[in-house]
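Rule-based calculations on the coordinates, nothing more; no lab input. These figures come from a predicted structure and were not determined experimentally. No Cβ is skipped: glycine too gets one built from the backbone with ideal geometry, and neighbour counts run over all protein chains shown.
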Amino acid sequence: AQSVTQLDSQVPVFEEAPVELRCNYSSSVSVYLFWYVQYPNQGLQLLLKYLSGSTLVKGINGFEAEFNKSQTSFHLRKPSVHISDTAEYFCAVSEGNQGGKLIFGQGTELSVKP
Amino acid sequence: GAGVSQSPSNKVTEKGKDVELRCDPISGHTALYWYRQRLGQGLEFLIYFQGNSAPDKSGLPSDRFSAERTGESVSTLTIQRTQQEDSAVYLCASSLERTVEQYFGPGTRLTVT
């Protein structure tokens, strides 16, 4: 069965510092990988996705993530964060033969301080 | 264009009552998903509709939960005899057939007192 582990429940960081939010998954088949962001009192928004091809994927707002099959990881990174990046970030996985349903991690709360 | 909409945005109900939550997907999206987000936790998959295929109900937590979808449009999630542990934000998402990107609605916050 699929599962997703986000290793950090909270990540405090100062503005303009780099950040990495960690995500590991388990699956016996090929997967699609996603990062979603949930700003306070808003719905989920897709940041980026990995379907196939290049293992480095770029998303909105300057975020990128790297798919590492051997380590079953899909860590999210940003070289310089802004106050506006404060939000909850969710990693999710979908198996191609499961009809597209997403299995989510527990979420990482990113708090950017001035 | 219009995104996924859900109603009501907030619902407070007494334990033991039934509730209905509504989702209007993006027009033309054949796939529709329901998820639940409990406080401080990630999203749990509940149920998935794809066109005329039988729905995937594997995520429904108990037989008190059910969902219907009218063709490729509106879906209703029904919770019977609500319990306090049902308190959560219920999120609906839709996607085009054979694509993986899901678009989420704003959710319905359910509070069972």
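Things to note:
- Qualifying positions in the stretch B:42-78 - within 10 Å of another protein chain (Cβ to nearest Cβ), assigned to a loop (DSSP other than H, G, I, E, B) and surrounded by 13 or more Cβ atoms within 10 Å (Cβ to Cβ): B:G42, B:P55, B:G59
- Test: residue in the stretch B:89-110 that is closer than 28 Å to A:G105 by Cβ and away from every other protein chain (no Cβ under 14 Å): yes
- A count restricted to the stretch B:1-41 and to residues that are polar (S, T, N, Q), over 18 Å from A:Q42 (Cα atoms) and part of a strand (DSSP E or B) stands at 1.
- Selection from the stretch B:1-41 of residues that are surrounded by fewer than 17 Cβ atoms within 10 Å (Cβ to Cβ) and within 9 Å of chain A (Cβ to nearest Cβ): B:G3, B:G40, B:Q41
- Applying the criterion of being polar (S, T, N, Q) and buried (at least 19 other Cβ atoms within 10 Å of the Cβ) to the residues of the stretch A:1-51, the residue that is nearest to B:C92 (Cα to Cα) is A:Q38.
- Test: residue in the stretch B:62-71 that is under 19 Å from B:G105 (Cα atoms) and of a type in the set (A, V, I, L, M, F, W, C): yes
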